[in-house]
Amino acid sequence: MADKDHDDLAPFSAQLDPQKAEHEPRPDDRVDDERLDEENTLKPEYVRSVEDALEADDQPLVYELVEPLHPADIADLFELLEPDERRELASAITDLMSSEVVAELNDYVREDMMEELPADAVAEIAEQLETDDAVQLIEDLDEEDQAAVLAEMEPEDRAAIESALSYPEETAGRLMQRDMVAVPEHLTVGELLDFLRADRELPNDFLEVFVVDARHTPVGTCQLSWILRTPRDVALGDVMKRDQTLIPVMMDQEEAALMFQKYALISAAVVDESGRLVGQITVDDIVHIISEEAGEDALLMSGAGEGDINEPIREAYSSRVRWLVANLGTALVASLIIAAFGAAIEQLVALAILMPIVASIGGNAGTQTMAVAVRAIAMNQLTRSNTKRILLKELRVALLNGATIAVLIGVATALIFTPMLGAVIAAAMIINVVTSGLAGVIVPVAFDRMGQDPAVASSVFVTMITDSMGFFAFLGLAVATGVTG
C-alpha cells in the first residue's frame, strides 16, 4: 500500500494511547526447579536466602538470586517479604523492576511501594504499562500523588489515563484498553494486510481488527485468522462479522464479564454514549475480573471484607468487626428465645443437649441455599422472571433434606431418650430446614431488590433466622406436647 494510503488510515488506527514498550524476555526467564516447588511457588529456603542477602546488605548477591526469576515470581517474592525488605529489594534490583513485575504485584504491596518512589519513577513505570494496568497503578494513589505522577507523563499517556480515571470504578471505562486496531470498511483484505505490516505504531498483541464507519462507530470485526486465510482481493465488508457484542463504557465490569462468558468472546469493543469506538476489553482482563469478583463475593458472605492477607491491620479490623457486632446482635435474638424457655430446659436436660443440633443443621441448610442463590444472582440466573420457580424448587429440596435428617435424628433420639422427644425433634428439624431453605433464597433476593449486594449481609440475617426458628420450633413443640413433664 502506498504511503498516502497509510496516511489516510491514520485517523482510523485508534491509537488513543502511544505504543507501550514490550518487555523482552530474558534468556533465563524460566521455571527454575531450584527456586520453585511443584506448585510453582517460591521455595521457603530460597526466600530465606534472599532475606539473608538483604540483611547482609549484599546487593550483588540479591541481584544474582533474583535475576533468573520470571516477572510473576519476582512479584510473588515481594509479597512474601516484610515491608522494609521490599524497599531494600526494589533498590537492589532496580533494572529488573519491569512493568510486568509491577502489574503482577498485589494491590496493597504495589501501593506501599509506589508511595516510596518519586513521581518521575512511577510515571516511567506507568508509561510502560497497558492503559488498564497503568490506571490501576495510579488510581490507588491519593490525589496529590496522582497529580504529581500525571504531570511527569507524556501528554498522550496522561490524556488517556485522565480519561480512564474520569469513569467510575469497576466500569468498562476503567477496565478497557485504548490500544487497538480499527480500520474503515472500504478496504480489501490485501490493503488491510499491507497496513498492518507497515504501521509500526500498532499494538504488539491484538486478536481482532475492528471495522468502523466514518463516524468511528463499530460496524464489524475481523479475527486475524480470517484475514490470513482470505484472498487479498476480497472486500473487508464481505468477510467481516457484522454481528458483534458492544460494551457500553459505563457498564459494570461484572456485567461485562458475564457477557464475555455468555457469548464466548475473546475481545469486545467498548463504545461511548454516542456509539463511537473508544477502546476494547480482552479476555485476559475478564479472567482477572471473574476471579476477583468470585473471591470478593465469597469473602463478603463471610464478613471478611476484602480478605487480603496484605491488607493493613486497621482496614482488616474495620471491615470485619462491624459484621461481628451485627452478628452479636442477631445472636442475642436467639438467646432471648432460649431464655424464654428456661424453665422447660431446667426440667429436661435433654433439650439443652439436642437444641444445638437443630440450629446447626438449619444453619448449614440455609448456608447451602444462600450460596446457590447469591451465585445465581451474580450470574443473572436468578431474576424477577424465575424467582417464584426457584423458590418452589428450593422448597422441595428443603422438604426432602428436612425429612431425611428428621428421620435420622428422630429415630436416634427416640432410642436414647423417649419416642415423644424423637417426634418433637423430627418435626422441629423439618420446620427449621424448610425455613432455612426459604430464607436462603428470600434474603439474598430481598437485598438484590433493594439495590444492595446480596453477598454482603445475607449470611448474618440467614443465620439469625435459622437459629431463632430452630430454637423456637424445638423448644416450643417440646412445651406444647408436654415432653418436659
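Rule-based calculations on the coordinates, nothing more; no lab input. Quick caveat: nothing in here was measured; it's all calculated off a predicted structure. Note: ideal-geometry Cβ built from the backbone for every residue, glycine included; neighbour counts use all protein chains shown.
General remarks:
- Helices in the chain, meaning DSSP H runs of at least 4 residues, each add -39500 (n - 2.57). Divided by all residues, the mean residue ellipticity at 222 nm is -20500 deg cm²/dmol.
- Averaging over all projection directions, the Cα-based convex hull of region 123-209 occupies 6.7 nm² in the image plane.
- Share antiparallel - DSSP beta bridges, the chain, percent rounded to 5: 75 percent
- Relative to the compact-globule estimate of 2.2 N^0.38 Å, the Cα radius of gyration of the chain comes out at 1.29.
- Here is what passes the span test in the chain: the DSSP H helices with alpha carbon length of 24 Å or more along the helix axis and a Kyte-Doolittle mean of 1.0 or above are 349-378, 387-416, 419-449, 454-480.
- If R0 is taken as 45 Å, the Cβ-Cβ distance between Ala331 and Asp120 corresponds to a FRET efficiency of 0.25.
- Over region 312-480, relative contact order from alpha-carbon pairs under 8 Å, at least 6 apart, %: 36 percent
- Contact order normalised by residue count of the chain, Cα under 8 Å, 6+ apart, percent: 12 percent
- Taking region 17-167 and dividing mean pair separation by its residue count, relative contact order in percent (alpha carbons under 8 Å, at least six apart): 23 percent
- A straight line joining the Cα centroids of region 448-470 and region 95-143 runs 39 Å.
- Cα gyration tensor shape of region 312-480, rounded if a/c is under 1.5, else prolate or oblate by comparing a/b with b/c: oblate
- Net charge contributed by nearby residues that have their C-beta within less than 11 Å of Asp120 (K/R +1, D/E -1): -3
- The alpha carbon convex hull volume per residue for region 17-167 rounds to 111 Å³.
- Most to least packed among 60-70, 96-106 [average Cβ atoms within 10 Å]: 96-106, 60-70
- Cα-based shape type of region 196-263, given that a ≥ b ≥ c are square roots of the gyration tensor eigenvalues and the cut on a/c is 1.5: prolate
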